[in-house]
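Notes to accompany the following structure.
The values are calculated or read from the model by the stated rules, or taken from the named source; none is laboratory data. None of these values were measured; they are calculated from a predicted model. We place every Cβ from the backbone using ideal geometry, glycine too, and count neighbours over all the protein chains shown. Note: areas computed on protein heavy atoms with side chains; ligands, DNA, RNA excluded. Shrake-Rupley method; radii C 1.70, N 1.55, O 1.52, S 1.80 Å.
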Amino acid sequence: QNGNLEISTVTGALLGSIRLDKQRSEIHAFQFSKFRGNCTDGELQLLRPPKFALEPFSILRFVIDGESKWCGSVTAPSDPGTDNAPLKYKLYGLTRWISNFQLADGYTVFPATTDVTDIVRSIVQFSLAPRSPVRYNESKIGPLAGVVIAEELQAQTFTAKKILDWLEKLATTPNYFYRWGVDGEGDFFWKRIERNFYEKHLQYLVNEGHFS
């Protein structure tokens, strides 16, 4: 398999990488899944510790054939392992950062008649991306929803997840709806989905024969 594991700090400084296609890779197994475009939780198993410091909550990207398939955070193994057992690291999708994320002051008040998509764009561009590993990519923010808020929204007392979930529910029409999440590149997405679209749940197992 042609790929590698890239590990960086929360601020983006590269700590190191592990190649999958070399003769004796440290990677024993890597499991993760994507649901509705979101990178969900998984597990990494290493045959031996990497040659660089793999700090708790480092940001991990798994690249296969030049495409980033998964992005999230990694925790230190709870068990140091033995000569015969691999080191096991828990992996968490970046949506977990959003779960308890409080919006920055100055970007929390939106007047009535603001389109839902404009609110999402402002939250991600000016509050979420500058203060978390989640990245803002304008090309992954969908078109205007055609749905506006009826009253002024003061979002400072809510978590980002609660606001985004509410906006997602609000931007639902008979013909289309929206999904938000964080993809394999670590980019936030706000995607319009037509009603006849079939969503897939993808699961990836690397070195599947060695994973239990």
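Annotations for the structure displayed:
- Full extension of the chain segment joining Ile193 with Glu6 gains 64.2 nm, where the gain is 0.36 nm per residue of separation less the Cα-Cα distance.
- The chain: relative contact order in percent, alpha carbon pairs under 8 Å with at least 6 residues between: 23 percent
- Tail beyond 14 Å, pair distance distribution of region 137-187 (Cα, percent): 61 percent
- From phi via Karplus (6.51, -1.76, 1.60), per-residue ³J(HN,Hα) for region 26-41 in Hz, x at Gly/Pro: 5, 6, 8, 6, 8, 10, 7, 9, 10, 10, 6, x, 7, 7, 9, 6
- At an R0 of 35 angstrom, the distance between the Cβ atoms of Phe126 and Asn84 translates into a FRET efficiency of 0.10.
- Helical mean residue ellipticity (222 nm; -39500 (n - 2.57) per DSSP H run of 4+; nearest 500) of the chain: -3000 deg cm²/dmol
- In the full protein context, the chain carries 53 Å² of accessible surface per residue, based on a 1.4 Å probe and ignoring ligands, DNA and RNA.
- In this rough spin-label picture, where each label sits 7 Å from Cα along the Cβ direction, the Gln102-Ser33 distance is 3.4 nm.
- Looking at the chain alone, DSSP beta bridges between its own residues are antiparallel in about 95 percent of cases.
- Maximal additional length on extending the Ala13-Thr113 stretch stands at 32.0 nm, based on 0.36 nm per residue less the C-alpha distance.
- Per-atom-type breakdown for region 61-173 gives carbon and sulfur 50% of the accessible area (1.4 Å probe, protein chains only).
- Couplings for region 123-136, taken from phi via the Karplus curve 6.51 cos²θ - 1.76 cosθ + 1.60 with θ = phi - 60°, read 4, 6, 5, 9, 10, 6, 4, x, 10, 7, x, 6, 9, 9 Hz in order; Gly and Pro are left as x.
- Calculated from backbone phi, Karplus (6.51, -1.76, 1.60) coupling profile of region 101-112 in Hz, x at Gly/Pro: 7, 9, 5, 6, 4, x, 10, 10, 10, 10, x, 4
- Three-way shape label, region 93-163, alpha-carbon gyration tensor, a/c 1.5: oblate
- Between the Cα long axis of helix 160-170 and the first principal axis of the chain there is an angle of about 50°, rounded to the nearest 10.
- Whole-number Å³ per residue for the convex hull built on Cα positions in the chain: 128 Å³
- Over 21 Å between alpha carbons, listed pairs Lys51/Lys88; Lys161/Lys191; Lys69/Lys162: Lys69/Lys162
- Estimated distance in nm for a label pair at Asn137 and Thr159, the labels positioned 7 Å out from Cα along Cα-to-Cβ: 2.5 nm
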